[in-house]
Amino acid sequence: MSAPSRIMAHMVAWYPDGVSSLEVARGLADGGCAYIELQFPFSDPTADGPDIQRACSAALEAGFTVDAGFECAEAIRRFVTVPLFIMSYANLVFTRGMERFLTDARACGARGVIVPDLPPDYDEGLFRTAAKLGLAAVPVLSPSMREGRLSRVGTLETEYLYVTLRTGTTGSFTEIDSSGLEFLSRVARMDHGGKAKVLGGFGVSTREQVQAVSPHVHAVVVGSALVRLVAAGGDVASAVREMVRKLSGAQETVGA
Amino acid sequence: MKRYNDFFGSFGGRYVAEMLRAPLDDLQEAFLQAAADPAFTRELEETLRDFAGRPTPLLKAENATRELGGASIYIKLEGLANTGAHKINNAVGQAMLARRMGKTRIIAETGAGQHGVATAAVCARLGIPCRVYMGEVDMRRQRPNVFWMERYGAEVVSVTTGSATLKDAVNEALRDWAASFPTTHYLLGSALGPSPYPDMVREFQSVIGRELALQLREKGVDCAALVACVGGGSNAIGFFSAFLESDSPVLIGVEAGGRGSGPGQHAARMNGRGRAGIVQGYKSLFLADSDGQLLSTHSISAGLDYPGIGPQLAHLGEEGRIKFTTASDSEALDAVQFFARTEGLVFALESAHAAAEVMRIARDYPREKSLVVNMSGRGDKDLFILARALDPDRWTAFLREEAAR
Ligand SMILES: Cc1ncc(COP(=O)(O)O)c(C=O)c1O
């Protein structure tokens, strides 16, 4: 049996509430995820589908603030050893101030930040400031990118690249077909020497999808599928733990 | 002014996820090519003349002038354009551009429904399938426009997320477009969003300002100030467009003062109320809390009920070229009644905010000086809101009878 696939597990800070979101993080870590992507909810998440939208509004209702988000990240880091990335939207970062947001991110132990609507050239200093502070700012790449644009982002030589396997919003099931894989190989060609660690996902919810994507990336991102489990309620920590185990293939290895 | 600026001072830009970069690059290129193509501009002018009913008149409002007792009042009757508002200018332009780009589907957001109606009507003529996103709250308060959009063959999709108003309809249209852009054009209805929209919408709306400059000259009007309401800012920027690079006349933008100055009670972003932010693809001033979460807004007019303002207007406001003020819900209602009674014109509730400002400042000027207000739309769509506010008993009795029939 091959080694389990690396999973970047996504969760929404303060969903369903401050304390329970720590339980979610614990479940993800116990399930053996390789990374945690912690989303700071924004009132108007235009890149997200219905599951994450609902989670973000619930988290805001529950009292999420950006300060509380950093506290949440710090609390997670106390019991989780895998690297944590903070994902959010431009306005939360811009309003706090780039330098301050990133300094706070580093102080709470985050490995990096992902802000899809601050792409290189319209990034308000995200990439420069993160590099200065020793944080990984992760560009988000999509199959609709032109060659010129892709190589422009490539020149940043970031440590990580986040690749969406299709266009559209988060959530709905992605058929892992030749177009997604073809884009991953375009990214690999652009990334001279293959130095960057590619985090690939969007609409991944089954072991079959993970198996199809995993050989081509450093880690597979799983988002809405986990958020839906949290939405379903009950023992969410166990539910997300089992899903991470199943998707990574750790279960198969153990059971074999 | 250049056709494409991207930024206006520090505002504007194209803050979108990579997946929307290529479609916006394509749109920018197609727009600039079309705008420089005489065949495109000729067809646009013909369509605006024969279908939209341009030029719209500039009316001397003599009764209003007399009653207000100060400046001479003129009204640019954009509301006489087909589908009832200035929105048709931009809808015609962008729909023709979409056809030229080979797009086979058009989506739009709408608040008051005027942009949705304009888009649906143009799509009907061009035979392009059309889907309009509209907040659930706005569908309820602007029901007649939902009905008309459907008659034009558009699919109206109710948006229930967030505050279920204009900003949420924009979010939903952006989400649709993120997957559909290879075949679909997003026909954005105001001078906001990622570039090239603010530039493109201004260019398509600048026909208002060009006509106005000509009409003022023909009539020999000594114009002291132009007054327009400001939601996202498309009628204002179009109306002001011919005068932005000179010092006169005074340009006044009127925001929704709603029912008070507290959070959630209004939609006034200028004069220190909005904060700089980056939302829906552009940097501008937004009504947001100290974390950057958007605040809810209120206006009696659905078209002004939006937490952001077009980046060029925000910039011109900060520079002092445009002065901003507010009119409250009740001032807007008063203005509707005043101009209906004196001039036989029913202003849309949006435009009535500009009319209210004119009523307030008319006495500050002598008769030789003129104030020109943009009646960006007419108020047919507001029948239900106006009737409930102005004649509640007879109106509800009527509705009961109708429902029982
Ligand atoms: C008649 C009318 N005027 C004004 C507006 C506000 O939009 P803008 O500020 O883009 O002109 C609307 C929007 O729906 C409208 O219908």
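The values are calculated or read from the model by the stated rules, or taken from the named source; none is laboratory data. These figures come from a predicted structure and were not determined experimentally. Please note: Cβ atoms are built from the backbone with ideal geometry, for glycine as well, and neighbour counts cover all protein chains shown. Accessible surface areas use protein heavy atoms only, side chains included; no ligands, DNA or RNA. Shrake-Rupley method; radii C 1.70, N 1.55, O 1.52, S 1.80 Å.
Observations on the structure shown:
- Some residue of segment A:70-93 being under 22 Å from residue A:223 (Cβ atoms), touching a Pro at 6+ places or on another chain (Cβ under 6 Å) and at the interface with another protein chain (Cβ under 10 Å from one of its Cβ atoms): no
- Selection count, segment A:169-179, where residues are surrounded by fewer than 23 Cβ atoms within 10 Å (Cβ to Cβ) and either modelled with pLDDT of 95 or more or in contact with a strand residue (DSSP E or B) (Cβ under 9 Å, 6 or more places away or on another chain) (or both): 1
- Single condition residue B:359 does not satisfy, out of (1) farther than 17 Å from residue B:68 by Cβ; (2) among the hydrophobic types (A, V, I, L, M, F, W, C); (3) open to solvent by 20 Å² or more (accessible area, probe 1.4 Å): (1)
So that you can scan it fast, the table gives a plain yes or no per residue for (1) in contact (Cβ under 8 Å) with a residue 60 or more places away in the chain; (2) open to solvent by 10 Å² or more (accessible area, probe 1.4 Å); (3) closer than 20 Å to residue A:206 by Cβ:
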position	(1), (2), (3)
A:16	yes, yes, no
A:39	no, no, no
A:65	no, yes, no
A:83	no, yes, no
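The rows are residues; the columns are (1) at pLDDT 95 or above; (2) surrounded by fewer than 24 Cβ atoms within 10 Å (Cβ to Cβ); (3) within 14 Å of chain A (Cβ to nearest Cβ); (4) touching a strand residue (DSSP E or B) at 6+ places or on another chain (Cβ under 9 Å).
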position	(1), (2), (3), (4)
B:211	yes, yes, no, yes
B:222	yes, yes, no, yes
B:225	yes, yes, no, yes
B:253	yes, no, no, yes
B:263	no, yes, yes, no
B:276	yes, yes, yes, yes
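- In the set (1) more than 14 Å from chain A (Cβ to nearest Cβ); (2) more than 30 Å from residue A:63 (Cα to Cα), the condition left unmet by residue B:305 is number (2).
- Candidate set from segment A:120-164 (those that are in contact with a strand residue (DSSP E or B) (Cβ under 7 Å, 6 or more places away or on another chain) and away from chain B (no Cβ under 13 Å)); member that is surrounded by the fewest Cβ atoms within 10 Å (Cβ to Cβ): A:159
- Residue satisfying condition, being closer than 25 Å to residue A:152 by Cβ and touching a His at 6+ places or on another chain (Cβ under 6 Å), within set B:31, B:11, B:7: B:11
- Total residues in segment B:212-240, condition over 14 Å from the mean Cα position of the chain (by Cα) and within 16 Å of the ligand (Cβ to nearest atom): 2
- Every condition in (1) in contact (Cβ under 8 Å) with a residue 60 or more places away in the chain; (2) open to solvent by less than 80 Å² (accessible area, probe 1.4 Å); (3) touching a helix residue (DSSP H, G or I) at 6+ places or on another chain (Cβ under 7 Å); (4) outside any strand (DSSP E or B) holds for residue B:366 except the one numbered (3).
- Segment A:18-37, residues that are crowded, with 24+ Cβ neighbours inside 10 Å, over 22 Å from residue A:136 (Cα atoms) and either without any contact (Cβ under 8 Å) to a residue 60 or more places away in the chain or in contact with a Phe, Trp or Tyr (Cβ under 9 Å, 6 or more places away or on another chain) (or both): A:21, A:24
- The set of residues in segment A:50-66 being facing another protein chain (nearest Cβ under 8 Å) and under 21 Å from residue A:110 (Cβ atoms) consists of A:60, A:65, A:66.
Per-residue answers, yes or no, for (1) over 21 Å from residue A:215 (Cα atoms); (2) among the β-branched types (Val, Ile, Thr); (3) under 20 Å from the mean Cα position of the chain (by Cα):
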| residue | (1), (2), (3) |
| --- | --- |
| A:89 | yes, no, yes |
| A:110 | yes, no, yes |
| A:126 | yes, no, yes |
| A:138 | no, yes, yes |
| A:148 | yes, no, no |
| A:155 | yes, yes, no |
| A:160 | no, no, yes |
| A:178 | no, no, no |
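- In this structure, residue B:207 does satisfy being within 16 Å of the ligand (Cβ to nearest atom), open to solvent by 10 Å² or more (accessible area, probe 1.4 Å), of a type in the set (A, V, I, L, M) and under 21 Å from the mean Cα position of the chain (by Cα).
- Here residue B:113 passes the criteria (1) within 15 Å of the ligand (Cβ to nearest atom); (2) open to solvent by less than 40 Å² (accessible area, probe 1.4 Å); (3) touching a Pro at 6+ places or on another chain (Cβ under 8 Å); (4) outside the structural domain of residue B:169 (by TED's automatic domain parsing) except the one numbered (4).
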